[in-house]
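Just below is one structure, and these are the notes that go with it.
The values are calculated or read from the model by the stated rules, or taken from the named source; none is laboratory data. Keep in mind that what you see is a predicted model, and the values were worked out from it rather than measured. Note: areas computed on protein heavy atoms with side chains; ligands, DNA, RNA excluded. Shrake-Rupley method; radii C 1.70, N 1.55, O 1.52, S 1.80 Å.
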Amino acid sequence: NITGSGVSVDAPLTIGAYGVGNRPIVKASMRALLITAPAKFIRLESLEFSDMALTLNGSSAVILSHAVTDDAYVTLSDVVVRNITDASGGSTGQDCLLLKGRHNTVINSNISHCAQDGIQFYGDYFTAIGNTIRHVSEGDLFGDTIQGSTDANYFYIAHNTLDHSMNAAKQGFVLADAGVRSDVGGGVFWGNTITMGAGPVASYCIYTEQ
């Protein structure tokens, strides 16, 4: 559980690999990492969160639990998140990444084999660039590769590979619930490659409820 902060965007609290060899693996039965307010200016780099059967209903491998209006400034760079399954027996599936707060970023990371969503984000100014997200919705019919939820405005999502061909129920990219407020604009989604397959319910490359 991280509650401390870095100094600024240019001087974050960094947790990552050092030297050569395999990347460090972080795993647990409830969630691998929880970052809670007032923590901000955090950078997770070259880590692996893998092979977890999560026993907490609605949990995720990595969770940012900030309010959607909190400035979090958490960056995940070159991380691997894979094989996240649901062992809770509950009704809410497990995402690989559940990120709440403003100014959060996922770059150059590989996310795969998630029980539900690859990334679910809440809050403005979310950025995702150069990621590969595939084989989501493995334990749940309702998982998306990327989902923007409450206050998901001013996002920048570009040059990602979103592969939802293994189980195509739900969407490649979705803005759900209160994803875009009526008083402000949405965001930028461009240069992404989306692959969909045949699913048991209606599914789309891009879908918005707004």
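Quick notes on this one:
- Ordered from highest to lowest accessible area with the whole protein assembly present and a 1.4 Å probe, 203, 109, 29 read as 29, 203, 109.
- Label corresponding to Cα Rg over 2.2 N^0.38 Å when calculated from the structure given, among [x] 1.06; [y] 0.94; [z] 1.20: [y]
- Built amide H within the under 5 Å cut-off of residue 37, gap 5+: 65, 66
- Largest to smallest accessible area among 111, 129 [probe 1.4 Å]: 129, 111
- Solvent-accessible area, 1.4 Å probe, carbon plus sulfur percent, for the chain: 52 percent
- Computed with a 1.4 Å probe over protein heavy atoms only, the accessible surface of the range 74-163 comes to 29 Å² per residue.
- Anchor residue 100: lysines whose Cα lies under 19 Å away (excluding residues fewer than 8 positions away in-chain): 40
- Taking all protein chains together and a 1.4 Å probe, the residues 196, 52 rank 196, 52 from largest to smallest accessible area.
- The range 61-141, relative contact order in percent, only Cα pairs under 8 angstrom and at least six apart counted: 33 percent
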